[in-house]
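Have a look at the structure below before the remarks.
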Amino acid sequence: MSDPSIPLSMLTQFHREVVIPDIERIVGASERRLRDEMHTLHDASLVRFERLETDVEVQNLRARLDVVEAQVAGRGKPLP
């Protein structure tokens, strides 16, 4: 019976020409999808943080306005 083994040089060439490009294609596509998803989530988070920051600033301004209105009301001066 003859030895049906494949020479190492042929296996190396097959790996280099077939297996590696296929793996790179699969991993590359997954990496692009993951990167796109991460960018989308990051952008959405930034929008939400900006909205939250604006809400906090508005609350602070309203609180300061309440203090000013109370001070003006305490002096008996009418508000415009």
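Values quoted throughout were computed directly from the atomic coordinates according to the rules given, and no laboratory measurement underlies them. All figures in this text were calculated on a predicted structure; none of them were measured in a lab. Cβ atoms come from the backbone with ideal geometry, glycine included; neighbour counts cover every protein chain shown.
Can you give the angle from 0 to 90° between the axis of helix 20-74 and the longest principal axis of the chain, with both taken from C-alpha atoms, to the nearest 10?
Helix 20-74 sits roughly 10 degrees off the main axis of the chain.
Under a no-solvent Debye model with one identical scatterer per Cα of the chain, what's log10 I(q)/I(0) at q = 0.11, 0.20, 0.21 Å⁻¹?
Log10 I(q)/I(0), no solvent term: -0.65, -0.95, -0.98.
Run the dipole for the chain about the Cα centre, Lys and Arg Cβ at +1, Asp and Glu Cβ at -1, nothing else charged, and hand back the magnitude in debye, nearest 20. Display every interim value, and only then the final one.
Working: 11 positive and 14 negative charges, 114 e Å.
The dipole of the chain has a size of about 540 debye.
Under the 0.36 nm per residue contour assumption, what length would be gained going from the current alpha-carbon distance of I23 and S9 to full extension?
Taking I23 through S9 to full extension adds about 3.0 nm, to one decimal.
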